[in-house]
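The values are calculated or read from the model by the stated rules, or taken from the named source; none is laboratory data. These figures come from a predicted structure and were not determined experimentally. All Cβ positions, even for glycine, are placed from backbone atoms using ideal geometry, and neighbour counts span all protein chains on display. Note: areas computed on protein heavy atoms with side chains; ligands, DNA, RNA excluded. Shrake-Rupley method; radii C 1.70, N 1.55, O 1.52, S 1.80 Å.
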Amino acid sequence: MVGTYVNGEDKLMKFVIWGVGSRGKRIAKFIGYDHINAFIDSNPSLLGTEYEGIPIIDIEKYLELYKDCFLVVSPFENKEIIDVLIEKQIYTYFLLDDCPPEILREELSGIDEMIMPDMDPGRAVIYGSSLYSILLWERYHSQGFDIPLLVHNDNVDSKWLSGILSSNVYYAEDYRIKSEDLLMQTIRCIPEIGGAERGDFYHVANYLEKFRHPELEKFKNIHKGQRCFIIGNGSSLTCGDLNKLATQNEICMGMNGIPLIFNDTIWRPNYYVCEDPKGMEEFGDMILGCTMSTIFVSDLNKRFLEKAEGNENINSFHMIRGDYMPNIPFFSGDIVKSIYNGFTVMYVCMQIAVYMGFQEIYLLGADFDYSDGDTVEVKHFSDSYHRASSGVKPNACRKTENLLAYQAAREYADRHGIKIYNATRGGKLEVFERVDFDSLFSMGVGQEK
């Protein structure tokens, strides 16, 4: 990143990052170390030391020396930090989680990649007051474009920004949007605003070629109008039910550790999905060693993809794994561009199934009988499923987010005339209409004769 016009002078924009953990280090690298004045950290053993030549300080030293710099709160768990900032009457900060997930995961080398190639910067108006918005504003101003920045959230004062930036910072309600403007959305959601063309710069995967997977186009509507079964790994799953699916030649999609049941059943999934990088770490050898004709994996685990290079059965997709609370997540209608995480692989499978054209989707083994937390024990169809022996620490259960994801799938399906049923024996997932599994193989729901 080069210089920008700050306080009327051509000089570097400066930041202080709260947190010198992995996220803080990643965003410092993305911004550029020469833009970072300091790190703040509450760990006493780190105070007075340096990272990449940048001092690590406490909040008092920040107030003394750097309070006019942009403050970026990098930790995911940040409530205590925000409480401190409020106590110190510091309201001009940015949360790292407001950035696109591709920035959080260091999938972009810098802000230069965020420029839409066929956009006219002369029409641009940046909507959003996140760190990402500021970086994008700086990028354009360094190229000589005086682009307005519309502040939208309460914790950022436009007067403060105007004092650090050169000009052209407004509260959104004070700026009159013109029909010729191109409104650059740099936060996840913005209000409905008429009178201008909108460019979604937050969901960068939709326009950056590096995240597209055109090889997935071959799966578009290949099962148009058909039905499928998505097989979860809950304890209610039985070999008898899987054998019935096999003898009935039902199209099935399995996930994660499902190959652990292969020795006990004749059933095999037509499609297999693993989106979790930890899951690919744990099940990687099993995935590559099994006879499964079509495998979908996310692009989050580069090491697995390198190991699988040359395997024609492997199909990778771009995974958007961002925090969407308290909203429901987006549901992708085009897996070539991206798939949204929802913190459950079941949600990923639904998006793939919809892209394939399935009209009826049945869930089996979707018990949903766990609670939130890091130490929650999730019951699976096999005691050998647990990851303790693999040395891979499982992800925390995100039941609240999972429920929102299922609601998003239900809403998308309802809007597009798709039926999603829960054929699980028991369990606690009630978002989708319940059907009796055994009835599906006579003249029951969804069965054509």
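Things worth noting here:
- Between the range 21-66 and the range 282-314, the Cα center-to-center distance that results, in Å: 38
- Across 29/220; 224/244; 178/210; 337/399; 61/399; 337/419, pairs whose alpha-carbon gap is larger than 30 Å: 29/220; 178/210; 61/399
- Sparse-neighbourhood loop sites, trypsin sites (Lys or Arg not before Pro) in the range 183-253 - DSSP loop, at most 12 other Cβ within 10 angstrom: 224
- Of all accessible heavy-atom area on the range 66-119, the percent that carbon and sulfur account for (1.4 Å): 50
- Qualifying GluC sites (Glu not before Pro) in the range 35-74, where qualification requires a DSSP coil assignment and no more than 13 other C-beta atoms within 10 Å, comprise 52.
- Residue with peak Gaussian network fluctuation, the chain [Cα springs, cutoff 10 Å], from 354, 16, 435: 435
- Packing-based ranking, highest mean first, of 228-234, 289-295 given that Cβ atoms within 10 Å are counted: 228-234, 289-295
- Mean Cβ neighbour count within 10 Å, used as a protection proxy, ranking 67-77, 31-41 highest first: 31-41, 67-77
- Annotation: the antiparallel percentage among DSSP beta bridges lying fully within the chain is about 15.
- Were the residues from residue 286 through residue 416 laid out at 0.36 nm apart, the gain over their Cα-Cα distance would be 43.2 nm.
- Accessible area of residue 92 in the full protein assembly, 1.4 Å probe (Å², nearest 10): 20
- Principal semi-axes in Å for the chain [√(5λ), Cα gyration tensor, largest first]: 45, 25, 19
- Of the GluC sites (Glu not before Pro) found in the range 265-356, those that fall in a DSSP loop while having at most 11 other beta-carbon atoms within 10 Å are 309, 312.
- Ordering 92, 31, 54 by Cα displacement along the dipole of the range 30-104 toward the positive end leaves 92 in first place; charges were set at the Cβ atoms of Lys, Arg (+1) and Asp, Glu (-1).
- Relative to the dominant Cα principal axis of the chain, helix 345-356 is inclined by about 80°.
- The value of relative contact order for the chain, using C-alpha pairs under 8 Å at least six residues apart, is 12 percent.
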